[in-house]
1. Can you tell me which residue is farthest from K13 (Cα to Cα) among those in the range 150-163 that are surrounded by 19 or more Cβ atoms within 10 Å (Cβ to Cβ) and out of contact with any Ser or Thr (no Cβ under 6 Å at 6 or more places or on another chain)?
2. If we only count strands (runs of 3 or more DSSP E) wholly inside the range 199-293, which ones have 1 or more residues that are aromatic (F, W, Y) and at pLDDT 95 or above?
3. For the range 128-139, how many residues meet the condition of being surrounded by 10 or more Cβ atoms within 10 Å (Cβ to Cβ), without any contact (Cβ under 8 Å) to a residue 24 or more places away in the chain and either more than 26 Å from A170 (Cβ to Cβ) or not hydrophobic (A, V, I, L, M, F, W, C) (or both)?
4. Can you tell me which residue within the range 294-312, out of those that are in contact with a Leu (Cβ under 9 Å, 6 or more places away or on another chain) and outside any strand (DSSP E or B), is modelled with the lowest pLDDT?
5. Just a yes or no: is a residue in the range 88-101 closer than 22 Å to P173 by Cβ and at pLDDT 90 or above?
6. Taking the range 313-335 as the region of interest, how many residues are outside any helix (DSSP H, G or I), over 20 Å from D43 (Cα atoms) and not aliphatic (A, V, I, L, M)?
7. Just wondering, is there one or more residues in the range 162-169 that are aromatic (F, W, Y) and in contact with a helix residue (DSSP H, G or I) (Cβ under 6 Å, 6 or more places away or on another chain)?
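The values are calculated or read from the model by the stated rules, or taken from the named source; none is laboratory data. Note that the structure is a prediction, hence the values are computed from the model and not measured. Cβ placement follows ideal geometry from the backbone for every residue including glycine, while neighbour counts extend to all protein chains displayed.
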Amino acid sequence: MKFGIIGLPRSGKSTIFEALTKTMAATESKLEDRIATIKVPDDRVDRLNQIYKLPKTIYVQIEYFLAGTKIREAKDQTLWTAVRDCDALIHVLRNHAGFGFEEKNPYADFIKFDQELILNDFVVTEKRLERIELDQQRGKEMNPEEHSLLVECRKQLENEVPLRRFPQLATAPLLKGFGFLSAKPMLVVFNNEDDDDTIPEIEELTNVEDCLVIRGKLEQELAQMSSEEAAEFLTEFNIAASAMDRVIQHSYQFLDLISFFTIGKKEIRAWTIKKGTPAIDAAEVIHTDMKRGFIRAEVVAFDDLMQAGSYAEARKNGTVRLEGKTYTVQDGDVIYFRFNV
């Protein structure tokens, strides 16, 4: 899962990146793209290992991407190309004052940058529709479904509405290859003052977008501390959890993600899927062969396994069950996929 951090200049993107990833960079390094991978904390992985005591525990990983200053200041399509392969976007808005800064106006900043995403998608859509029409003139058969979807995209983009408002467009398999920027799920982060942990009263934004407050500079400092120092810091400034933990938790919620677990001979591993995913598609997340040769899924709920104390006891209790390919995987399921290829 890859998140692209975007926003206007001086919104605090680098500060938020460092708060989320617990990394720091020299000024000259910020000219280049920055990528950091973090593991998603999940105590269920640790508790499973208390039972199985295997050599490896593998957590879900999240990748954060921040385009370098050279790219962000470019006047061409380089920035958009850089974030097009991200699964979701974190849009940072400045909600703090500062020497040399204009009056803060996070809503105006949001609209300004969101319009850039919409315009970019409109250009991509127009070019593709022009190509389809040209191919038709040459006698090449078009895909009517793709054409219809693109026409609908153009209509909404002309009305300056981001494609993420329309799930049927944002998630359409035929449009996936375009990497539409305004179609990507978005988390809006208000970069607040150190002493302000409240979300601004901007209903036209907070009622339609997933929003979160991060006290950027404060959380940037927190990210560089030891666990002992951080614990005191969290208490002193009344922070329930670090920015990293809160963004991960919020991301899982607004992206409708859940985790399931597999236990092999040498490792316990967490996997992330969309809520509502059938077992056969969950198997594909691990390996395409598992989907191709899917037979059954042997499933036990995490809580049932913990209560039993071992897989053998869970089986005796009747909480281990065989499920077919249409079974909807639940958060916390421990699954062994039976397959044959």
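1. Of the residues in the range 150-163, the ones surrounded by 19 or more Cβ atoms within 10 Å (Cβ to Cβ) are 150, 153, 156-157, 162-163.
Those still in the list that are out of contact with any Ser or Thr (no Cβ under 6 Å at 6 or more places or on another chain) too: 156-157.
Working: Q156: 29, L157: 26 Å.
Among those that are surrounded by 19 or more Cβ atoms within 10 Å (Cβ to Cβ) and out of contact with any Ser or Thr (no Cβ under 6 Å at 6 or more places or on another chain), it is Q156.
2. Values: elements: 210-214, 257-263, 267-274.
Strands (runs of 3 or more DSSP E) meeting the threshold: 257-263, 267-274.
3. Taking the range 128-139 as the starting set, the residues that turn out to be surrounded by 10 or more Cβ atoms within 10 Å (Cβ to Cβ) are 128-136.
Next, only the ones that are without any contact (Cβ under 8 Å) to a residue 24 or more places away in the chain stay: 130-136.
Narrowing further to those that are either more than 26 Å from A170 (Cβ to Cβ) or not hydrophobic (A, V, I, L, M, F, W, C) (or both): 130-131, 133-136.
Counting residues in the range 128-139 that are surrounded by 10 or more Cβ atoms within 10 Å (Cβ to Cβ), without any contact (Cβ under 8 Å) to a residue 24 or more places away in the chain and either more than 26 Å from A170 (Cβ to Cβ) or not hydrophobic (A, V, I, L, M, F, W, C) (or both) gives 6.
4. Filtering the range 294-312 for residues in contact with a Leu (Cβ under 9 Å, 6 or more places away or on another chain) gives 296-299, 302, 305-306, 311.
This time we only want the ones that are outside any strand (DSSP E or B), so: 302, 305-306, 311.
Numbers: F302: 97, L305: 97, M306: 96, Y311: 91.
In this case the residue turns out to be Y311.
5. Initially, the range 88-101 is screened for residues closer than 22 Å to P173 by Cβ, giving 88-89.
Filter once more, keeping what is at pLDDT 90 or above: 88-89.
Yes, some residue in the range 88-101 is closer than 22 Å to P173 by Cβ and at pLDDT 90 or above.
6. To start, the set of residues in the range 313-335 that are outside any helix (DSSP H, G or I) comprises 317-335.
Those left that are additionally over 20 Å from D43 (Cα atoms): 317-328.
Pick out the ones that are also not aliphatic (A, V, I, L, M) and you get 317-319, 321, 323-328.
Summing the residues that are outside any helix (DSSP H, G or I), over 20 Å from D43 (Cα atoms) and not aliphatic (A, V, I, L, M) in the range 313-335 gives 10.
7. Initial filter on the range 162-169 (aromatic (F, W, Y)): 166.
Next, only the ones that are in contact with a helix residue (DSSP H, G or I) (Cβ under 6 Å, 6 or more places away or on another chain) stay: none.
No: zero hits.
For every residue, the table says whether it meets (1) of a type in the set (A, V, I, L, M); (2) crowded, with 18+ Cβ neighbours inside 10 Å; (3) farther than 30 Å from T15 by Cβ.
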residue: F233; (1), (2), (3): no, no, no
residue: Q253; (1), (2), (3): no, no, no
residue: E298; (1), (2), (3): no, no, yes
residue: F302; (1), (2), (3): no, yes, yes
residue: G309; (1), (2), (3): no, no, yes
